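Chemist: Structure provided below as structure tokens; questions to follow.
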Amino acid sequence: MTRAQRYGQVAVRPVVEAEEVREELREALAEVGVKLPTLRLEPISVRGWNPRPVVDLGRCNLVVARELTAVLRKCADQGRER
């Protein structure tokens with residue numbers, strides 16, 4: 001295995017993990033009825049030999065922002081009740 005191949009394998013791991021995390025987040029949001037239409041990995045963050053992936057929550061309209069706010073508040077209230 002060449003040095004470039006070794007570095008390539010190392011560089012891919014964080015990107016694969018970030019893709020998995022993004023999908024877990026998408027699924028969790030869907031479970032509470034929230035869909036972020038542009039949920040993605042920030043392209044610049046996954047480039048190069050040492051990528052540092054960032055999950056971009058994207059832009060959403062006011063309806064989605066309100067839905068997300070309501071879900072977060074509900075979860076916060078449930079946490080206080082415990």
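Chemist: Of everything in the range 13-33 that's in a helix (DSSP H, G or I) and of a type in the set (G, A, S), which residue is surrounded by the most Cβ atoms within 10 Å (Cβ to Cβ)? I'd like the intermediate steps shown before the answer.
Modeler: In the first step, residues of the range 13-33 are kept if they are in a helix (DSSP H, G or I); the result is 13-31.
Those still in the list that are of a type in the set (G, A, S) too: 18, 28, 30.
On the way: A18: 19, A28: 10, A30: 11.
So, considering only residues that are in a helix (DSSP H, G or I) and of a type in the set (G, A, S), the one surrounded by the most Cβ atoms within 10 Å (Cβ to Cβ) is A18.
Chemist: While we're looking at this one, here's another question. Out of (1) open to solvent by less than 90 Å² (accessible area, probe 1.4 Å); (2) closer than 18 Å to P14 by Cα; (3) in a loop (DSSP other than H, G, I, E, B), what's the single condition that is false for P37?
Modeler: (2) is the only condition that P37 fails.
Chemist: Of all residues in the range 48-72, count the ones that are of a type outside the set (G, A, S), closer than 12 Å to V32 by Cα and free of Cβ contacts under 8 Å to residues at least 12 places away in the same chain.
Modeler: Total meeting the criteria: 2.
The values are calculated or read from the model by the stated rules, or taken from the named source; none is laboratory data. Source: prediction; values computed, not measured. Using ideal geometry, Cβ is built from the backbone for each residue, glycine included, and neighbour counts are taken over all protein chains shown. Accessible surface is based on the protein model in full, side chains and every heavy atom, while ligands, DNA and RNA are left aside. Shrake-Rupley method; radii C 1.70, N 1.55, O 1.52, S 1.80 Å.
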